[in-house]
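Have a look at the structure below, then the notes.
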Amino acid sequence: MSAGVTRPRITVVGGANTDIIGLPAGRFALRDSNPGHVRVSPGGVGRNIAENLARLGADVRLVTSFGSDIEARALDQECRRAGIDTSYSLVAEGSPGSRYLAVLDAGGDLAAAVSDMRALAALTPDALDPAAFEGAAAVVLDTNLRASTIARAAELADSALLVLDPVSTAKAPHARPILGRLAALKANLREAEELSGGAGPEGAATRLLEAGVARVFVTMGPDGVWCADGHESFVLPAPRATVVNVTGAGDAFTAGVAWGLATGASLRETAEAASALAAIALESERTVSESISAESLHVRMRESAR
């Protein structure tokens, strides 16, 4: 990866919430009380991406809408402690702080979840401060935002490299109007198929490239990631990881994509960095691993190359 850019400025526009994650001690039983433990930590796709980038050493601005309760204020403070600039974010007066409630199964995979992101509705196109985008090498968007806000953020991004995470199949269509503007799209297979109308990773990636996306990364869990741009396409195998918690692995991958683009990495180098970050995230109970740093990323990439 390029050594010329050591602290790129990256603006992230998206969701921030408190994660409440239940991890059962044994086999997960549906419609029953499962012994285990419950962890509360900062979360949200945009916020998670921002923290990963801050831990890597980027100069990160997070543009989001916090609720106005105590929990939301604590979330803002946690973001600042993590090195994220939230000065361009706003407070949705009268709205509770956003929450993500998830229960994992015994393998650390998602069993069920409920997301309450009402506060983010306050982040309208007019609420975006153009100053938040000034000097950004890359801008990352998530589709927790309404489509009109995504379109406005893409305008304000100007010449910055635009990266998008579609979050879910239900919210992915919010991004369709700006596909031709994207420097990179990271999506899981279902999201990529929903956005493109193509079948399978290759078919979906081909359609997305035809729509104008410059680089496409279709994540396939343990089957690796399909990577494509206008010059090449390939499958990068998933690095070895002891899975503890899948929550946040996709966000770490997106952060790796943004980091790769902002530091001038190639398609393969970007995919390798993103996959390594996702592997580190999988091995942590926290949504964003406290182990992530530029050094730990390089170590993990070297190990994966052996």
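What follows is calculated from the coordinates using simple rules that are stated; it is not laboratory data. No experiment lies behind these values; they were computed from the predicted model shown. For neighbour counting, all protein chains shown are included, and Cβ atoms are generated from backbone atoms with ideal geometry for every residue, glycine included.
Annotations
- The protection proxy used here, the mean number of other Cβ atoms lying within 10 Å of each residue, ranks peptides 74-87, 264-277 as follows, highest first: 264-277, 74-87.
- Extension gain from residue 113 to residue 266, taking 0.36 nm per residue of separation minus the Cα-Cα distance: 51.5 nm
- Shown for the chain are no DSSP H helices, since none reaches 27 Å along its axis, judged by Cα atoms, with a mean Kyte-Doolittle hydropathy of at least 1.0.
- Distant-in-sequence amide contacts of residue 58, defined by a placed amide H-H separation under 5 Å and a gap of 5 or more residues or a different chain, comprise nothing.
- The residues 207, 61, when put in order of fewest to most other Cβ atoms within 10 Å, stand as 207, 61.
- Using only side-chain charges placed at the Cβ, +1 for Lys and Arg and -1 for Asp and Glu, the dipole size of the stretch 38-157 relative to its Cα centre rounds to 140 debye.
- Ellipsoid fit via the Cα gyration tensor, the chain: semi-axes of 26, 24, 19 Å, each the root of five times an eigenvalue, largest first.
- Taken as Cα centroids, the stretch 107-175 and the stretch 4-41 sit 19 Å apart, rounded to the nearest whole angstrom.
- The stretch 89-170: GluC sites (Glu not before Pro) in DSSP coil with no more than 10 other Cβ atoms inside 10 Å: 93
- The relative contact order of the stretch 104-151 comes to 38 percent, based on Cα pairs under 8 Å that sit 6 or more residues apart.
- Residue list for the stretch 102-118, given a label point 7 angstrom along the Cα-to-Cβ vector of residue 69 and an amide N cut-off under 12 Å: 116-118
- Seen through its C-alpha gyration tensor, with square-root eigenvalues sorted a ≥ b ≥ c, the stretch 133-192 comes out prolate because a/c lies at 1.5 or above while a/b is bigger than b/c.
- For 142, 116, order by how many other beta-carbon atoms lie within 10 Å, fewest first: 116, 142
- Charge dipole (Cα centre; +1 on Lys/Arg Cβ, -1 on Asp/Glu Cβ; no other charges) of the chain amounts to roughly 160 debye.
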